[in-house]
Amino acid sequence: MPPRWPRKPDPKNDPALRRLRDRINFVVHIALFAAVNSGMWFVDIIKEAHWSWRLWITGVWFGVLVCHLIYILAIADYSTVETNG
């Protein structure tokens with residue numbers, strides 16, 4: 001079920017909406033990571049391919065996920081934007 005918003009969405013002036021969007025994007029990023037990596041490792045194990053690059057892809061992508069998490073929790077500024085006019 002999609003998330004419901006109690007008022008008309010205004011991404012520029014609504015910090016709660018921006019926070020929700022960032023968290024939904026992070027969850028999609030995690031789901032994509034899990035799906036691609038589990039499929040890659042599954043094929044590697046079943047075919048006994050011993051791909052040397054699978055560790056690099058998993059490690060680098062996990063690093064990007066950690067950076068994404070740090071951005072959401074520590075760096076992102078969800079304060080309201082002041083506009084003149």
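The values are calculated or read from the model by the stated rules, or taken from the named source; none is laboratory data. This one's a predicted model, so the numbers in the text were calculated from it and none came from an experiment. Every residue, glycine as well, gets a Cβ built from its backbone with ideal geometry; the counts of neighbours run over all protein chains shown.
Filter the range 45-78 down to the residues that are closer than 30 Å to Asp14 by Cβ and either modelled with pLDDT under 85 or part of a loop (DSSP other than H, G, I, E, B) (or both) and list them by number. It would help to see each step written out before you state the result.
We begin by selecting, within the range 45-78, every residue closer than 30 Å to Asp14 by Cβ; these are 64-78.
Those that are closer than 30 Å to Asp14 by Cβ and either modelled with pLDDT under 85 or part of a loop (DSSP other than H, G, I, E, B) (or both): Ala76, Asp77, Tyr78.
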What pairs can you find where one residue is in the range 47-61 and under 19 Å from Ala34 (Cβ atoms), the other is among the acidic types (Asp, Glu) and surrounded by 10 or more Cβ atoms within 10 Å (Cβ to Cβ), and their Cβ atoms are less than 7 Å apart, with a gap of 6+ or different chains? Trp51/Asp44; Arg54/Asp44
